[in-house]
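Q: Encoded as structure tokens, here's the structure I'll be asking about.
The values are calculated or read from the model by the stated rules, or taken from the named source; none is laboratory data. The structure displayed is predicted, hence computed values, not measured ones. All Cβ positions, even for glycine, are placed from backbone atoms using ideal geometry, and neighbour counts span all protein chains on display.
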Ligand code: DAH
């Protein structure tokens, strides 16, 4: 056994062994193949390891240890080179000039877009946008607006009450009262937002809907100012060709009161199926602020006059975009919402 081993170690041409090993190490194309070469030439079962085990003299020991050290250094060097290559390859894979992945981007709901548009129109007129509240007192929603105790909208069947004195506002007219209570004229404000009524959902009404309310209080304001403002507003919203007409009506908080219509934006007033052949769309209510309302907020009705108007935004938005049923605003169907 001993003789055998000794015999073997003497037959190995160590110069050739080192050359072969260096060749295998420096040519290893991958880390796995480098490891194979390392095991083969430096591993426990390699000829070199066996030779080292059988070393008897100093010279042979120095020779073989020298080979081992040089081969180990060669393996380390090759491993570092392979790692550098791999990193360079990764850098190639990462092309920072490629366009990024597109993230789907949301957008504002159509009703919010309309609210913003309406706000812009008022801001252009020099009005201030007032954020009023949705939970209101009976005083602000009815009493201060001169609404008689017998008015049907006060019923629990029509309005959402939280308790006897607190309700969800049924219109944005509450914003008029809150603003006038808080400050003195001149006042030019618009207030927009959600309103609540106990209506059964249908294509034309939902229990939650949106209104915009405008109020101007100054000296010598007349119905003519109201009409001019309405014409400007509807031309900005529906196009320059629109005409506005006012019809007499009744609201407890205005005297005189009117309702206003705008010419159909499809036929321009000629009459078509869209406007039921009338040429007009009903828009909302308005009037000259009733002196009783001024008294309720502590203004002198002889010194000040004003107009107010309000309208529902959901229905006119649906009309403008040809949406047949306003419940679609609440259904969150992306096929509808993504169109706007
Ligand atoms: N508040 C009324 C409604 O909800 C709309 C309205 C009518 C508002 C006349 C006004 C107004 O400011 O003067 O139907």
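Q: Can you find even one residue in the stretch 311-329 that is more than 21 Å from residue 106 (Cα to Cα), outside any helix (DSSP H, G or I) and within 13 Å of the ligand (Cβ to nearest atom)?
A: Yes, the stretch 311-329 contains a residue that is more than 21 Å from residue 106 (Cα to Cα), outside any helix (DSSP H, G or I) and within 13 Å of the ligand (Cβ to nearest atom).
Q: Might you check whether a residue that is surrounded by 17 or more Cβ atoms within 10 Å (Cβ to Cβ), within 16 Å of the ligand (Cβ to nearest atom) and in a strand (DSSP E or B) occurs anywhere in the stretch 292-300?
A: No, there is no match, as no residue in the stretch 292-300 is surrounded by 17 or more Cβ atoms within 10 Å (Cβ to Cβ), within 16 Å of the ligand (Cβ to nearest atom) and in a strand (DSSP E or B).
Q: Those residues that are surrounded by 16 or more Cβ atoms within 10 Å (Cβ to Cβ) and in contact with a helix residue (DSSP H, G or I) (Cβ under 7 Å, 6 or more places away or on another chain), I need them from the stretch 148-180; list them, please.
A: 159, 167, 169, 170, 173, 174, 177, 178
Q: Kindly indicate the residue of the stretch 276-287 that is more than 34 Å from the chain's Cα centre (by Cα) and surrounded by fewer than 20 Cβ atoms within 10 Å (Cβ to Cβ) and also farthest from the ligand (Cβ to nearest atom) among those meeting that condition.
A: So, considering only residues that are more than 34 Å from the chain's Cα centre (by Cα) and surrounded by fewer than 20 Cβ atoms within 10 Å (Cβ to Cβ), the one farthest from the ligand (Cβ to nearest atom) is 277.
Q: Next up: Report yes if residue 148 is part of a loop (DSSP other than H, G, I, E, B) and within 35 Å of the chain's Cα centre (by Cα), otherwise no.
A: Criteria not met by residue 148.
Q: Name the residues in the stretch 145-185 that are without any contact (Cβ under 8 Å) to a residue 60 or more places away in the chain and closer than 16 Å to residue 129 by Cβ, would you?
A: Those that are without any contact (Cβ under 8 Å) to a residue 60 or more places away in the chain and closer than 16 Å to residue 129 by Cβ: 174, 175, 178, 179, 182, 183.
Q: Is there any pair with a first residue in the stretch 284-301 that is touching a residue at least 60 places away in the same chain (Cβ under 8 Å) and a second that is in a helix (DSSP H, G or I) whose Cβ atoms are under 6 Å apart and which are 6 or more apart or on different chains, and what are they?
A: Close Cβ pairs satisfying both conditions: 286/226; 296/144; 297/180; 297/181.
Q: Sort through 214, 190 and tell me the only one that's in contact (Cβ under 8 Å) with a residue 12 or more places away in the chain, within 13 Å of the ligand (Cβ to nearest atom) and in contact with a helix residue (DSSP H, G or I) (Cβ under 6 Å, 6 or more places away or on another chain).
A: 190
Q: Kindly list, by first and then second residue, each pair from a residue in the stretch 239-258 that is touching a residue at least 12 places away in the same chain (Cβ under 8 Å) to a residue that is away from the ligand (no atom under 16 Å from the Cβ) and assigned to a strand (DSSP E or B), limited to pairs with Cβ atoms under 6 Å and residues at least 6 apart or on different chains.
A: 242/263; 243/263
Q: Okay, moving on. On the given criteria, is residue 249 surrounded by fewer than 18 Cβ atoms within 10 Å (Cβ to Cβ) and within 16 Å of the ligand (Cβ to nearest atom)?
A: For residue 249, the condition - surrounded by fewer than 18 Cβ atoms within 10 Å (Cβ to Cβ) and within 16 Å of the ligand (Cβ to nearest atom) - is met.
Q: Loosely packed, with under 14 Cβ neighbours inside 10 Å, at pLDDT below 95 and not in a loop (DSSP other than H, G, I, E, B) - does that describe any residue in the stretch 195-213?
A: yes
Q: Quick one: how many residues across the stretch 56-76 are touching a residue at least 12 places away in the same chain (Cβ under 8 Å) and not in a loop (DSSP other than H, G, I, E, B)?
A: Of the residues in that region, 11 qualify.
Q: Shifting gears a bit: With the condition kept exactly as written, say whether any residue in the stretch 260-268 is at pLDDT 95 or above and in a loop (DSSP other than H, G, I, E, B).
A: No.
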